[in-house]
Amino acid sequence: MASRQDLAGSARRHLDAATYLHDDRKPGRSRGNKAVAGYLYGLAGELALKQMMRRSGMHPLPENERRNDPFYAHFPHLKTLLLDQVSGRRDGELRSIASRSELFQHWTIEIRYAATATIDAVHTNRWKEQAEDLVSRMDR
């Protein structure tokens, strides 16, 4: 990831957009917007975690190793790669976060293609809480 990227700002923007959609109560749109919000909550969580990795002193791997690079991975694979490679000042905290089995459980990047009815509001509400937690922790 190039230094010009703004992981923290992007995490906050995705979280704000997700919350706006999640809280939209307009008839006929609410269920679909909650589904999109769930997807954005996952992205916000990933970005916040990657900001924490960067602040810990971790750096992206060379381009030819992106397949194994947590900076380019999505949940749940991101957590697995992070556990394998965690290092730096916040390694204990990062290891603790990545080892939480419930963290973004049932979230995958493929939900962007999912039918609205397949995205459970229980999961979306949980992802909201988890994204808010990670974003609040990323700048500590």
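The values are calculated or read from the model by the stated rules, or taken from the named source; none is laboratory data. Please read these numbers as outputs of a predicted model, since none were measured by experiment. Neighbour counts run over all protein chains shown; Cβ positions are idealised from the backbone, glycine included.
Small (G, A, S), over 19 Å from A11 (Cβ atoms) and either free of Cβ contacts under 8 Å to residues at least 40 places away in the same chain or in contact with a Pro (Cβ under 6 Å, 6 or more places away or on another chain) (or both), is that true of S99?
Working: small (G, A, S): yes; over 19 Å from A11 (Cβ atoms): yes; either free of Cβ contacts under 8 Å to residues at least 40 places away in the same chain or in contact with a Pro (Cβ under 6 Å, 6 or more places away or on another chain) (or both): yes.
Yes: the conditions hold for S99.
Taking the residues in region 1-44 that are more than 21 Å from T108 (Cβ to Cβ) and among the basic types (K, R) as candidates, determine which candidate is surrounded by the fewest Cβ atoms within 10 Å (Cβ to Cβ).
That would be R4.
Being at pLDDT below 95, within 28 Å of R89 (Cα to Cα) and not hydrophobic (A, V, I, L, M, F, W, C) is true for just one of E46, E63. Which residue is that? Outline the logic, then answer.
Working: E46 fails: at pLDDT below 95.
From the options E46, E63, the qualifying one is E63.
Which number in (1) touching a helix residue (DSSP H, G or I) at 6+ places or on another chain (Cβ under 8 Å); (2) of a type outside the set (V, I, T); (3) more than 23 Å from T80 (Cβ to Cβ) marks the one condition that S136 misses?
That leaves (1) as the condition not met.
Out of region 56-80, which residues are more than 24 Å from E102 (Cβ to Cβ) and of a type in the set (K, R)?
R66, R67
Given the condition out of contact with any Lys or Arg (no Cβ under 6 Å at 6 or more places or on another chain), at pLDDT 95 or above, more than 17 Å from Q5 (Cα to Cα) and of a type in the set (K, R), answer yes or no: does some residue in region 70-84 qualify?
yes
Considering only region 81-136, how many residues are outside any loop (DSSP other than H, G, I, E, B), surrounded by 13 or more Cβ atoms within 10 Å (Cβ to Cβ) and small (G, A, S)?
Residues meeting the conditions: 3.
If you go through region 75-131 one residue at a time, how many are over 30 Å from G28 (Cα atoms) and small (G, A, S)?
The number of residues fulfilling the criteria is 7.
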